[in-house]
Amino acid sequence: MSTTVGDEVAAEEGRLRRHLGVGGLSAIGFSNIVGSGWLFAALYAAQIAGPAALVAWLVAGVLVTLVALVMVELGATRPEGGGTVRWPLYASGRLTGTVIGFSVLLSVGATSAELTAIVQYAGYYLPWLYADDALTGAGVLFAVVLSVLLTALNWFGVKLFGRVNTAVTVVKVAVPLLTVVLLLASGFDSARLTDHGGFAPYGWGAVLSALAGGGIVYSLNGFQAPVDFSGEARNPQRTVPLAVLGSIGLALLLYLGLQLAFLGAVPADALGAGWQGVNFESPFGQLAVALNLGFLAAVLYGDAVVSPGGSAFVGVAVDARHTYALAKNRLLPRALMAVHPSSGIPRRALLLNLAVIVVYLLPFSGWQSIVSVMGTLYLLLYLAAAVAAEVFRRREPGRLSGWVPGLRVIAPVSFVLATLFVYWSGFSDLRLALPLTLVGVPLFVVLWRRERAGSLVEELRRGAWLMVHLLVLILLSGLGSFDGLGVLPAPWDSVVVALWAALVFPVAVRSGVREPDAVPARA
């Protein structure tokens with residue numbers, strides 16, 4: 001049975017078109033990282049850390065790169081469409097693969113959230129689209145039309161997708177870059193960096209607080225997108241690592257420039273209460289108006305529509321690769337694994353995701369509060385990938401690409417950091433997101449009863465580490481300082497979470513290494 005299944009998976013994987021090079025993959029990564037959040041990240045970071053926010057961005061760049069190196073190694077060594085969803089299955093068995101896969105399926109809501117943001121920003125020009133903090137009926141219809149359009153642009157092949165996304169990415173780079181240049185040229189005052197409490201007015205501890213509280217770490221996330229296209233990349237051993245690391249580097253440079261420009265352009269009269277008192281509804285737009293850069297302000301409001309549109313465009317494509325991979329994992333019907341012969345696109349997966357996005361856009365009571373947390377769920381891919389990297393290193397060291405020579409050290413560090421990224425999402429998000437993820441456990445039991453593949457007890461034992469890890473994270477989050485009760489104050493709550501993750505990692509790895517043949521390489 002497994003041989004037949006493996007042949008079927010290999011046949012569909014062979015229909016993917018390997019058209020993406022370094023440029024196209026880098027544009028995918030950059031577009032997935034930089035959404036509309038760039039308009040606000042500099043403000044939030046400055047409120048917490050003042051000018052020392054610049055240091056926080058550099059620290060975040062190092063942390064995110066350490067997590068990304070695991071993805072780089074896996075993408076170069078095991079290129080496959082939707083690979084981020086496949087590795088947990090290969091490394092840790094069907095329970096872990098099902099729970100992580102189910103979380104990825106739920107995270108489609110992040111794309112609908114981007115579409116909602118587009119309509120919300122468009123409501124600045126067309127007020128009938130957004131009113132009373134919600135999409136109007138016309139706004140919902142407009143968002144549905146947008147989702148259909150983005151799906152259509154993904155329909156005809158990865159080459160067309162790459163070209164359209166590259167064009168959108170040029171705009172997404174040009175507008176922030178123009179903002180940096182004009183603000184530095186028109187209103188930059190270096191005294192702002194030292195005159196209001198010094199370079200680090202709230203202490204160096206605030207630098208660490210800004211990583212999560214200022215949204216800095218989350219502004220650099222999304223770098224895994226090129227890895228999910230590794231099955232459609234030319235020479236993935238070279239192009240995937242360059243694309244992942246290149247997109248992070250470009251995004252970091254852009255964010256540093258925006259932070260510096262913001263810090264130097266804030267009017268002195270806005271700093272009467274220090275950096276914590278600085279508050280703008282539209283930070284760069286209002287600074288542009290204050291500096292008589294009306295043209296820039298208009299461009300910024302337009303880019304507030306384009307930036308999330310680019311992210312949603314990539315999101316639709318990535319979601320389709322995930323759904324395709326979940327069908328290969330047998331979490332979804334095998335029919336969704338089909339790749340269209342002439343286009344090389346998993347069109348059935350695209351259509352299913354379109355239906356899910358439309359459902360997420362519907363204004364059910366209380367629905368949006370749930371949808372808003374879905375983006376948190378993709379962070380679980382990072383910690384599962386760290387475990388997979390170490391499992392594969394021990395099982396098949398000869399298959400490693402060599403891109404990350406220090407993998408045995410970087411993998412556990414990546415797992416700890418990925419756990420912290422999840423924790424820093426805050427209890428208000430995690431109390432909804434993580435219990436939803438655990439619905440994957442009864443789903444796994446249902447799937448096992450249908451297929452009777454292996455021992456149920458053994459599979460539960462192999463995946464127990466993830467279940468315990470998530471439950472403890474919910475508990476620590478509820479006790480911690482990120483929307484929790486504050487019983488564990490900062491920064492000690494993060495220290496406790498990091499120590500817990502360091503204890504879990506070797507257990508997770510041993511669970512995967514113990515049964516190396518439990519899941520075929522092409523399951």
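Projecting the Cα atoms of Leu89, Leu361, Ala490 onto the dipole axis of the chain, where Lys and Arg carry +1 and Asp and Glu carry -1 at the beta carbon, places Leu89 farthest toward the positive end.
Efficiency by 1/(1 + (r/R0)^6): what FRET value for Leu479 and Arg510, r their Cβ-Cβ distance, R0 = 30 Å, to the nearest 0.05?
Working: r = 28 Å, r/R0 = 0.94.
With a Förster radius of 30 Å, E is 0.60.
With viscosity set to 0.890 mPa s at 25 °C, what whole-number translational diffusion coefficient in µm²/s follows for region 374-523 from Stokes-Einstein and a Kirkwood radius over Cα pairs? D = 148 µm²/s. With the alpha-carbon atoms of the chain aligned to their principal axes, the span from lowest to highest coordinate is 71, 49, 47 Å, starting with the largest. Summing Cβ point charges (Lys, Arg +1; Asp, Glu -1) relative to the Cα centre of the chain gives a dipole of roughly 1860 debye.
I need the calculated FRET efficiency for the pair Leu149 and Ala502, taking r as the beta carbon distance and R₀ as 56 Å, to the nearest 0.05. Numbers along the way, then the final one.
Working: r = 46 Å, r/R0 = 0.82.
Once the sixth-power term is evaluated, E becomes 0.75.
What is the fewest-to-most order of Leu211, Leu470 by other Cβ atoms lying within 10 Å of their Cβ?
The most exposed by this proxy come first: Leu470, Leu211.
Of the options Leu460, Leu115, Val173, report the single residue whose Cα projects farthest towards the positive end of the charge dipole of the chain (beta-carbon charges: Lys, Arg +1; Asp, Glu -1). About the Cα centre, the residue reaching furthest to the positive side is Leu460. For the chain, the longest principal axis of the Cα atoms and the long axis of helix 22-33 meet at an angle of about 70 degrees. Between Val62 and Val439, full extension at 0.36 nm per residue minus the direct alpha carbon distance yields a gain of 132.3 nm. Spatial offset of region 305-331 relative to region 78-129 amounts to 6 Å, using the alpha carbon center of each. Which residue, Phe313, Val339, Leu66, has the largest displacement toward the positive end of the dipole of region 2-370 when charges sit on each Cβ (Lys, Arg +1; Asp, Glu -1)? Going by the charge dipole, the pick is Val339.
Magnitude of the Cβ-charge dipole of region 159-276, K/R +1 and D/E -1, about the Cα centre, nearest 20 debye?
On the way: 6 positive and 5 negative charges, 113 e Å.
Dipole magnitude for region 159-276 comes out near 540 debye.
Footprinting exposure proxy ranking of Val85, Val305, fewest other C-beta atoms within 10 angstrom first, gives Val305, Val85.
Can you put Phe427, Phe199 in order of Cβ neighbours within 10 angstrom, beginning with the fewest?
Values: Phe427 19, Phe199 14.
If I rank by nearby Cβ atoms, fewest first, I get Phe199, Phe427.
When the P(r) is computed for region 281-325, the part past 16 Å accounts for 52% of the Cα-Cα pairs. Placing +1 on the Cβ of every Lys and Arg and -1 on the Cβ of every Asp and Glu, with nothing else charged, gives region 58-200 a dipole about its Cα centre of roughly 560 debye. Placing a label point 7 Å from the Cα of Gln237 along the Cα-to-Cβ direction, the residues of region 62-83 whose backbone N falls under 17 Å of that point are 72-80. Working note: 222 nm ellipticity from helices only, DSSP H runs with n ≥ 4, each -39,500 (n - 2.57), summed and divided by the residues of the chain, gives -23000 deg cm²/dmol to the nearest 500.
Under the √(5λ) rule applied to the eigenvalues of the Cα gyration tensor, what semi-axes describe the equivalent ellipsoid of region 56-161? Give them in Å, descending. Don't jump to the answer; show the numbers that get you there.
Details: eigenvalues 234, 73, 49 Å².
Equivalent-ellipsoid dimensions as semi-axes: 34, 19, 16 Å.
Quick one: compute the contact order of the chain, relative version, from alpha carbon pairs under 8 angstrom and 6+ residues apart, as a percent. Please list the in-between numbers first.
On the way: 871 pairs, mean separation 162.2, N = 523.
Relative contact order of the chain: 31 percent.
Only the coordinates and a few stated rules stand behind these numbers; no lab work does. As the structure is a prediction and not an experimental result, all values here were calculated from the model. Heads up, the Cβs are rebuilt from the backbone with ideal geometry, glycines too, and the neighbour counts pull from every protein chain shown.
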